[in-house]
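Encoded as structure tokens, the structure appears first; notes follow it.
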Amino acid sequence: MEKRFDVTALGELLIDFTENGISGQGNPMLEANPGGAPCNVLAMLQKLGKKTSFIGKVGNDQFGRMLKETIEQVGIDSGNLIMDDDVHTTLAFVHTMPDGDRDFSFYRNPGADMMLTVADVQKERIEASRVFHFGTLSSTHEGCKAATRYAIQCAKEAGILISFDPNLREPLWNDLEDAKREIAYGLGQADIVKISDNEVVFMTGEEDYEKAAQILKEQYQIPLLFVTLGRDGSRVYYKDIRVEAAGFIQENTIETTGAGDTFTGCVLSKILELGGMENLTEEQLAEMLTFANAGASMITTRRGALKVMPEKEEILNLMNK
């Protein structure tokens, strides 16, 4: 089948309400930023010249229409974005800590993204892609979990690369054991995994990131495993190669929303440019990490993510500095 898309992603598309100053009356002012990890990844890929497509559901409401318009503006194909007349768009309220880290409150019981069903997934869209990307928020409830499983099965049958980011959001799970099971399932299906430092500890109980990463790589036979370490940079594990790259520390970091998604978009772009993940060299992996770390670092200086992904030239300039 003709590959119309470089990457198709499935999952949540929502509004992140982020703090943006104090009103004249002393109340916190919130900015409605389009968000959702899978579309953040696609937005970064679009900036890097890739063709992308999204599978998901939003409410047929003010926010849902805004999200549809936003992803179309950044170039993401919205042909499999469904507008739900009965359930509102999911909202997330992001509280930023002094160090730039975040705490989330979700309005999603239910939220439209949870209502995606197997019947909603356009199989031919996945077959027309080079990479399929997903996370675990589309597996918090039975209906969308079945849709996610079906999409993964379509990707497997089409023989395309599968990319996975656990993107653990603890408040969205009724039981963290369910979260663990879904992350384990994703790790077992994926060719490319991007996982954060806190998630490797969550999955293994091992506080040493190096040991934790090795446990996951061996247990789930992950061909290409990226571990992000926040301001400390990132590591990648491939065959018997392990590469580490330092992070880029920004003086003017506002918040870390979208940093992991920007990282993922950058590495997927590099993998596509290399024609896949066969026979990657240590040098290629080091360049991939440095490029992705620089991209992730840049997004921490901006509010939101989806609409403000860095240009390739900006990332290269930061690397050259």
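The values are calculated or read from the model by the stated rules, or taken from the named source; none is laboratory data. This one's a predicted model, so the numbers in the text were calculated from it and none came from an experiment. Don't worry about glycine lacking a Cβ; one is built from the backbone with ideal geometry, like all the others, and counts go over all protein chains shown.
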For residues that are out of contact with any helix residue (DSSP H, G or I) (no Cβ under 6 Å at 6 or more places or on another chain) and modelled with pLDDT of 95 or more, scanning just the stretch 1-21, find the one that is farthest from G49 (Cα to Cα). L14
Selection from the stretch 17-36 of residues part of a loop (DSSP other than H, G, I, E, B) and either under 16 Å from L91 (Cβ atoms) or in contact (Cβ under 8 Å) with a residue 60 or more places away in the chain (or both) yields G36
Among F104, F132, the single one that is in a strand (DSSP E or B) and modelled with pLDDT under 95 is F104
Provide a single number: the residues in the stretch 135-150 that are of a type outside the set (A, V, I, L, M, F, W, C) and in a helix (DSSP H, G or I). 8
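Criterion first (under 30 Å from F17 (Cβ atoms) and at pLDDT 95 or above) does T96 satisfy it? Step through it out loud before you land on a result.
Working: under 30 Å from F17 (Cβ atoms): yes; at pLDDT 95 or above: no.
No.
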Would you check if F202 is under 28 Å from I160 (Cα atoms) and of a type in the set (F, W, Y)? no
Are any residues in the stretch 34-64 out of contact with any strand residue (DSSP E or B) (no Cβ under 8 Å at 6 or more places or on another chain) and surrounded by fewer than 24 Cβ atoms within 10 Å (Cβ to Cβ), and if so, which ones? K47, L48, G49, D61, Q62
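To keep it simple, each residue is scored yes or no on (1) among the small types (G, A, S); (2) touching a strand residue (DSSP E or B) at 6+ places or on another chain (Cβ under 7 Å); (3) exposed (fewer than 14 other Cβ atoms within 10 Å of the Cβ); (4) more than 25 Å from F132 (Cα to Cα).
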| site | (1), (2), (3), (4) |
| --- | --- |
| W173 | no, no, no, no |
| A179 | yes, no, no, no |
| I183 | no, no, no, no |
| I192 | no, yes, no, no |
| D197 | no, yes, no, no |
| D208 | no, no, yes, yes |
| A212 | yes, no, no, yes |
Out of (1) more than 18 Å from the chain's Cα centre (by Cα); (2) loosely packed, with under 15 Cβ neighbours inside 10 Å, the odd one out for H88 is which? (2)
Do we find that L14 is aliphatic (A, V, I, L, M), surrounded by 23 or more Cβ atoms within 10 Å (Cβ to Cβ), over 14 Å from the mean Cα position of the chain (by Cα) and under 16 Å from A112 (Cβ atoms) in this structure? no
Within the stretch 40-54, does at least one residue satisfy the condition of being modelled with pLDDT under 95 and touching an Asp or Glu at 6+ places or on another chain (Cβ under 7 Å)? no
If you go through the stretch 65-77 one residue at a time, how many are among the polar types (S, T, N, Q) and surrounded by 19 or more Cβ atoms within 10 Å (Cβ to Cβ)? 1
Considering only the stretch 259-309, how many residues are over 20 Å from D16 (Cα atoms) and within 12 Å of the chain's Cα centre (by Cα)? 3
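Table: residues versus (1) over 30 Å from E273 (Cα atoms); (2) in contact with a His (Cβ under 8 Å, 6 or more places away or on another chain); (3) without any contact (Cβ under 8 Å) to a residue 40 or more places away in the chain; (4) in a strand (DSSP E or B).
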site: E12; (1), (2), (3), (4): no, no, no, no
site: I15; (1), (2), (3), (4): yes, no, no, yes
site: P38; (1), (2), (3), (4): no, yes, no, no
site: M44; (1), (2), (3), (4): no, no, no, no
site: S53; (1), (2), (3), (4): no, no, no, yes
site: M66; (1), (2), (3), (4): yes, no, no, no
site: G79; (1), (2), (3), (4): no, no, no, yes
So L274 clears everything in (1) without any contact (Cβ under 8 Å) to a residue 24 or more places away in the chain; (2) under 15 Å from A294 (Cβ atoms) except one condition, right? Which one? (2)
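Identify all residues within the stretch 95-120 that are touching a strand residue (DSSP E or B) at 6+ places or on another chain (Cβ under 6 Å), surrounded by fewer than 19 Cβ atoms within 10 Å (Cβ to Cβ) and not small (G, A, S); write none if there are none.
H95, T96, R102, D103, F104, F106, Y107
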Name the one entry in G276, G304, G265, G258 that is at pLDDT 95 or above and crowded, with 19+ Cβ neighbours inside 10 Å. G265
